[in-house]
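To start, the structure itself, in structure tokens.
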Amino acid sequence: MGIVIYLLCAVTAFSCGTLLLLSYRRTYARLLLWSGLCFVGLSFANLMVIVDLLTGQDLDVYTWRNIVSLFSMGLLLYGLIWDSQS
């Protein structure tokens, strides 16, 4: 049951990221770009949770999952700081 929930979270995050990036393509508002990239990255982190659950003890992707999440949130933080200065 947990895998289904993480899969739904990944699909939702990817859908949000896609919609944000499509909106960025229309308006060129930079905050939409950074938010879209963050959500796409978080969807990949959710997919890594699914891989971690399916493989069990054979493959540990905990560190890589946290790196992807940190990078994604870093993109959003960079975008928030960069856009606030302009």
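See the values below:
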item: Count of segment 52-86 residues which are within 18 Å of Ala10 (Cβ to Cβ), assigned to a helix (DSSP H, G or I) and not small (Gly, Ala, Ser); result: 15
item: Output for segment 1-20, where each listed residue is under 14 Å from Leu42 (Cα atoms) and not β-branched (Val, Ile, Thr); result: Tyr6, Leu7, Leu8, Cys9, Ala10, Ala13, Phe14, Ser15, Cys16, Gly17, Leu20
item: Residue under evaluation Asn46, criteria (1) surrounded by 12 or more Cβ atoms within 10 Å (Cβ to Cβ); (2) more than 24 Å from Ile3 (Cβ to Cβ); (3) modelled with pLDDT of 90 or more, criterion not met; result: (2)
item: Any pair with Cβ under 9 angstrom, 6 or more apart, that starts in segment 57-86 at a residue that is in contact (Cβ under 8 Å) with a residue 12 or more places away in the chain and ends at one that is part of a loop (DSSP other than H, G, I, E, B); result: Asp83/Ala29
item: Lone qualifier among Gly74, Gly56 - being at positive phi and of a type outside the set (Phe, Trp, Tyr); result: Gly56
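The values are calculated or read from the model by the stated rules, or taken from the named source; none is laboratory data. None of these values were measured; they are calculated from a predicted model. Here the Cβ is made from the backbone with ideal geometry for all residues, glycine too, and neighbour counts use every protein chain on show.
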